[in-house]
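What follows is a short report on a single structure.
The values are calculated or read from the model by the stated rules, or taken from the named source; none is laboratory data. Fair warning: this is a prediction, and the values are worked out from it, not measured in the lab. All Cβ positions, glycine included, derive from the backbone under ideal geometry; neighbour counts span all protein chains shown. With ligands, DNA and RNA removed, areas are computed over all heavy atoms of the protein, side chains included. Shrake-Rupley method; radii C 1.70, N 1.55, O 1.52, S 1.80 Å.
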Amino acid sequence: MRITAIHETTAALSSTMRNATIDFSKMTLSVVAIVTDAVRDGRPVIGYGFNSNGRYAQGGVLRERLIPRLLEAAPDSLLDAEGHLDPARCRAVVMKNEKPGGHGERAFAVGALDCAIWDAVGKLEEKPLYRVFAERFNDGQFDAQVPVYPGGGYYDPIKGLDGLRAEMQGYRDAGYTLMKMKIGGAAIPDDMKRIEAALDVAGGGANLAVDSNAGINLPTALEYAGAMADYGLAWFEEPLDPLDYAGHAELATACATPIATGENLFSLIDAENLLRYAGLRRDKDWLQFDPSLCYGPSVFVEMVKRADEMGWSRKRHGPHGGQQLGLHLAAGLQLGGTETYPLVFQPFGGFGDDTQIADGLVAPPEAPGIGVETKAELYNNVLKPLSEG
């Protein structure tokens, strides 16, 4: 088999929302479709991939460097022994002539391609991707139900406290038990009022996580930690700059609330340094690497394996991103759960249209590959037109 075409486009995620660091008024992401000459059910196998929210499209990197490398490669150099696309070989081709380090914008472009390649792999094997991950990386073991939580509670000028309560109630009514909200973008007393409003609905601190999106410094994070200490929250996410390992280590000594971080680290060595130097507590803190931003699920799997070697339980991982890909990885690698965006960042956020949430748990889809075709708006309005050129 061979790749016959690779299409890419930039899609918008514009919104009036903001967190402690950015607004989403001009947010974009890259979407790719890898078309092959393999046929399943009478149709060409096409792999789809796209980035997470919070970063921007990388069309130039894709068009000028990465896509040409794949299209110019000898077809057999991209295949495994069964004649299917091999993610490792494809990644080696994509990264040819790329210097080590500088794991930023390039990582998102590679991540979109890697996602698409894995989607094609699942479709070629006619298996949902979580089963592929389980067979290749977890001795065939997987979880049939995965804990999930909705990312929400953004700052929105038209919502106020009543709107925040209504949003959280909507999550509870939809079957979620754990939910997440934003902090760090207002004065601490105001954020405490927002937390208390969410707790009115959440039914206890263990059902509410907070996220400051790395928008505050260490003294302020310590203030938040003290102010939130009695709430018993599920975790305090991205309290500091993601590369401030010393700051994380100091915060961990004083913060009763579990710390969650990792979504803005995009390489294996960055993940290793976080685990070595950030003082994270293996019995309570969370690792939230993003599989579509850290050079794709291939590197995400390497991060999980490295954490295994450093004594971390897989149940302390919760992939960031709010997409179906994180659900497949959480199920196939038996991780601690994953994020979803049922209301925001549409049509990319969230799971399939028929997905049912019950008691905070969800079953991964049985559609081959990632299952993006089960999201009608995403597939019909974005992916299918892209694959047709």
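Annotations for the structure displayed:
- Residues of region 39-77 satisfying the condition of being among the basic types (Lys, Arg) and in contact (Cβ under 8 Å) with a residue 60 or more places away in the chain: Arg40, Arg55
- Taken together, Leu361, Leu343 contain a single residue that is open to solvent by 20 Å² or more (accessible area, probe 1.4 Å), under 30 Å from Gly203 (Cα atoms) and modelled with pLDDT under 95, which is Leu343.
- Residues of region 44-61 that turn out to be more than 17 Å from the chain's Cα centre (by Cα) and within 14 Å of Asp119 (Cβ to Cβ), as a count: 4
- Within region 210-218, the presence of at least one residue that is on the phi < 0 side of the Ramachandran plot and open to solvent by 40 Å² or more (accessible area, probe 1.4 Å) is confirmed.
- Filter result (among the charged types (D, E, K, R) and either in a strand (DSSP E or B) or within 15 Å of Glu373 (Cα to Cα) (or both)) within region 29-79: Asp37, Arg40, Asp41, Arg43
- Once region 77-95 is narrowed to residues that are open to solvent by 60 Å² or more (accessible area, probe 1.4 Å) and at pLDDT below 95, the residue that is farthest from Tyr48 (Cα to Cα) is Ala81.
- Flag if Leu293 is more than 13 Å from Val148 (Cα to Cα), modelled with pLDDT under 95 and open to solvent by less than 10 Å² (accessible area, probe 1.4 Å): yes
- Unique residue being touching a residue at least 40 places away in the same chain (Cβ under 8 Å), open to solvent by less than 10 Å² (accessible area, probe 1.4 Å) and under 30 Å from Leu251 (Cβ atoms) when the list is Ala271, Ala330: Ala330
- Criterion (within 11 Å of the chain's Cα centre (by Cα), more than 23 Å from Leu124 (Cβ to Cβ) and surrounded by 24 or more Cβ atoms within 10 Å (Cβ to Cβ)) met by exactly one of Gly321, Gly349: Gly321
- Test: residue in region 191-213 that is in contact (Cβ under 8 Å) with a residue 40 or more places away in the chain, in a helix (DSSP H, G or I) and closer than 15 Å to Ala260 by Cβ: no
- Long-range neighbours under 9 Å by Cβ, at least six apart or interchain, first residue over 11 Å from Leu129 (Cβ atoms) within region 364-380, second part of a helix (DSSP H, G or I) and not aromatic (Phe, Trp, Tyr): Glu373/Leu383; Glu373/Lys384; Thr374/Gln324; Lys375/Gln324; Lys375/Leu383; Leu378/Val372; Tyr379/Val372; Tyr379/Glu373
- Boolean, Glu125 is more than 21 Å from Gln356 (Cβ to Cβ), open to solvent by 30 Å² or more (accessible area, probe 1.4 Å), modelled with pLDDT under 95 and acidic (Asp, Glu): no
- Sole residue being farther than 30 Å from Arg69 by Cα and surrounded by 18 or more Cβ atoms within 10 Å (Cβ to Cβ), chosen from Asp119, Asp162, Asp143, Asp156: Asp143
- Positions within region 96-114 being assigned to a loop (DSSP other than H, G, I, E, B) and buried (at least 16 other Cβ atoms within 10 Å of the Cβ), in sequence order: His103
- Of all the numbered requirements in (1) open to solvent by less than 30 Å² (accessible area, probe 1.4 Å); (2) modelled with pLDDT of 95 or more; (3) not polar (S, T, N, Q), Ala206 misses one, and that requirement is (1).
- Of all residues making up region 311-335, the number that are of a type outside the set (Lys, Arg) and within 19 Å of Pro258 (Cα to Cα): 8
- Once region 167-185 is narrowed to residues that are out of contact with any strand residue (DSSP E or B) (no Cβ under 7 Å at 6 or more places or on another chain) and in a loop (DSSP other than H, G, I, E, B), the residue that is surrounded by the fewest Cβ atoms within 10 Å (Cβ to Cβ) is Thr177.
- Residues in region 78-90 that are out of contact with any helix residue (DSSP H, G or I) (no Cβ under 6 Å at 6 or more places or on another chain) and without any contact (Cβ under 8 Å) to a residue 24 or more places away in the chain: Asp80, Ala81, Glu82, Asp86.
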